[in-house]
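Before any comments, here is the structure.
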Ligand SMILES: Cc1cc2nc3c(=O)[nH]c(=O)nc-3n(C[C@H](O)[C@H](O)[C@H](O)COP(=O)(O)O)c2cc1C
């Protein structure tokens with residue numbers, strides 16, 4: 001008999017509302033015994049701090065059908081019009097939280113939305129495990145009604161498996177996204193992400209199968225090829241296959257280290273000129289001046305930010321870390337907000353929308369990196385903490401505040417926080 005857990009207030013634990021398929025016997029999906037499990041693998045529980053009354057929430061209604069005959073999706077002109085109509089319908093978001101495994105989960109997305117993110121991607125979800133394993137779904141994908149526009153990202157190499165997974169999330173999102181950019185070893189082994197760039201017919205079939213069968217549009221996130229003409233041909237192929245929104249990370253598959261390699265905005269600009277669907281630019285976004293420069297330079301319809309948002313989730317509201325305080329000869333002012341305060345806000349969101357402790361631990365390190373550099377002994381204490389609790393983490397923030405001179409975030413008084421439309 002399947003167990004139906006009561007969802008937390010306002011939280012859609014989607015996977016428990018949908019039928020499950022048999023669990024694969026793949027070793028990577030073996031369920032750990034309780035003794036093997038590190039406490040960080042467990043979900044944080046609001047009962048560690050306060051009680052919350054679980055309220056049953058009905059699932060959101062399925063999306064409105066966009067076409068009576070899905071085959072029409074392959075009709076070129078109509079598909080482009082539909083891509084733009086959908087983009088307008090969701091408000092043409094310009095400032096978007098990039099997909100980040102273990103880092104762009106619901107509470108983090110909600111924090112970034114509070115501070116100016118107009119849309120967000122989920123972390124990459126593994127399509128096969130997602131479609132087969134209820135536990136994976138319930139831990140790795142949670143959402144709520146305020147968590148929109150939402151792009152749910154999958155990695156995949158089998159069109160039917162991807163479609164199975166996508167069908168489970170389509171009532172809860174605005175795009176189903178395909179990860180075509182992951183350059184990590186695990187993606188090479190699993191033959192997905194950027195390694196599918198060696199097999200474009202597979203990519204075409206993944207996109208086509210979703211475009212023809214889903215009600216929500218399909219988006220793709222790609223890396224660039226070393227040669228411009230290959231990237232342009234790739235982008236056009238994706239558009240023709242039914243992709244409605246294309247995010248271009250301006251680095252090649254081999255340029256893994258974002259700190260060493262600047263993203264190439266020229267290539268993004270060329271892609272934007274070559275295709276007719278909305279295009280998002282990814283790479284080199286560290287503060288709001290970068291957002292505007294990127295939109296101006298590339299003509300893209302929005303930008304994604306990843307690594308900088310982890311240190312500064314208030315980036316899209318115009319706040320910047322000390323590293324980027326000075327720009328265009330102008331100094332920014334202490335704005336009264338700091339990363340410790342953002343961490344407390346994040347922890348409160350985790351009490352409402354529980355996530356595994358390992359994710360919280362990761363955000364604590366990223367948010368408080370500057371503070372820990374001054375007080376490494378507190379980082380050591382955190383690392384030594386086998387089982388985290390909210391109480392301990394709030395106490396740690398208080399101790400840091402007592403010991404540390406405040407490390408503020410800065411705000412440019414003249415910053416163009418209202419992003420001008422790049423047009424299309
Ligand atoms: C911690 C972390 C996890 C990431 N996970 C994903 C992912 O799940 N899917 C994806 O397409 N890209 C992922 N990326 C890549 C980012 O989405 C983004 O393309 C890349 O970091 C470049 O953007 P940036 O220069 O703003 O950091 C991840 C990046 C980071 C830092």
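Go over the candidates 388, 337, 393 one by one and state the one that is assigned to a loop (DSSP other than H, G, I, E, B), under 26 Å from the mean Cα position of the chain (by Cα) and on the phi < 0 side of the Ramachandran plot. Walk me through how you get there before you give the answer.
Values: 337 fails: assigned to a loop (DSSP other than H, G, I, E, B); 393 fails: assigned to a loop (DSSP other than H, G, I, E, B).
Within the list 388, 337, 393, the selection yields 388.
In region 289-304, how many residues are out of contact with any strand residue (DSSP E or B) (no Cβ under 7 Å at 6 or more places or on another chain) and near the ligand (Cβ under 10 Å from one of its atoms)?
Taking region 289-304 and keeping what is out of contact with any strand residue (DSSP E or B) (no Cβ under 7 Å at 6 or more places or on another chain), we get 290, 292-293, 296-297, 299.
Next cut, near the ligand (Cβ under 10 Å from one of its atoms) only: 290.
Adding up the residues that qualify gives 1.
Each row is one residue, and each column tells you yes or no for (1) touching a helix residue (DSSP H, G or I) at 6+ places or on another chain (Cβ under 6 Å); (2) more than 16 Å from the ligand (Cβ to nearest atom); (3) modelled with pLDDT of 95 or more.
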residue: 329; (1), (2), (3): no, yes, no
residue: 333; (1), (2), (3): no, yes, no
residue: 353; (1), (2), (3): yes, yes, yes
residue: 382; (1), (2), (3): no, yes, yes
residue: 391; (1), (2), (3): no, yes, yes
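Sort out for me the helices (runs of 4 or more DSSP H) sitting completely within region 79-147 that have 3 or more residues that are modelled with pLDDT of 95 or more and surrounded by 23 or more Cβ atoms within 10 Å (Cβ to Cβ).
Numbers: elements: 106-114, 127-132, 134-140.
The helices (runs of 4 or more DSSP H) meeting that bar are 106-114, 127-132.
Which count do you get for residues in region 168-189 that are more than 10 Å from the ligand (Cβ to nearest atom) and either free of Cβ contacts under 8 Å to residues at least 12 places away in the same chain or in contact with a strand residue (DSSP E or B) (Cβ under 7 Å, 6 or more places away or on another chain) (or both)? If you could, list the steps in order and put the result at the bottom.
Initial filter on region 168-189 (more than 10 Å from the ligand (Cβ to nearest atom)): 168-176, 185-186, 188-189.
Then keep just the ones that are either free of Cβ contacts under 8 Å to residues at least 12 places away in the same chain or in contact with a strand residue (DSSP E or B) (Cβ under 7 Å, 6 or more places away or on another chain) (or both); that gives 169-170, 172-176, 185-186, 188-189.
Residues flagged as more than 10 Å from the ligand (Cβ to nearest atom) and either free of Cβ contacts under 8 Å to residues at least 12 places away in the same chain or in contact with a strand residue (DSSP E or B) (Cβ under 7 Å, 6 or more places away or on another chain) (or both) within region 168-189 amount to 11.
Looking for something within 15 Å of the ligand (Cβ to nearest atom), in a loop (DSSP other than H, G, I, E, B), in contact (Cβ under 8 Å) with a residue 60 or more places away in the chain and in contact with a helix residue (DSSP H, G or I) (Cβ under 8 Å, 6 or more places away or on another chain) - is there at least one such residue anywhere in region 276-283? Write out each step before concluding.
Start the filter on region 276-283 by keeping residues that are within 15 Å of the ligand (Cβ to nearest atom), which leaves 279-283.
Still in the list and also in a loop (DSSP other than H, G, I, E, B): 283.
In the following step, the residues that additionally are in contact (Cβ under 8 Å) with a residue 60 or more places away in the chain were identified as none.
No: region 276-283 contains no residue that is within 15 Å of the ligand (Cβ to nearest atom), in a loop (DSSP other than H, G, I, E, B), in contact (Cβ under 8 Å) with a residue 60 or more places away in the chain and in contact with a helix residue (DSSP H, G or I) (Cβ under 8 Å, 6 or more places away or on another chain).
Out of (1) within 16 Å of the ligand (Cβ to nearest atom); (2) closer than 23 Å to residue 365 by Cα; (3) in contact with a helix residue (DSSP H, G or I) (Cβ under 6 Å, 6 or more places away or on another chain), what's the single condition that is false for residue 104?
Against the list (1) within 16 Å of the ligand (Cβ to nearest atom); (2) closer than 23 Å to residue 365 by Cα; (3) in contact with a helix residue (DSSP H, G or I) (Cβ under 6 Å, 6 or more places away or on another chain), residue 104 comes up short only on (3).
Restricting to region 119-149, give me the number of residues that are under 23 Å from residue 288 (Cβ atoms) and within 16 Å of the ligand (Cβ to nearest atom).
3
The values are calculated or read from the model by the stated rules, or taken from the named source; none is laboratory data. Just so it is clear, the structure is predicted and the values come from calculations on it, not from any experiment. For neighbour counting, all protein chains shown are included, and Cβ atoms are generated from backbone atoms with ideal geometry for every residue, glycine included.
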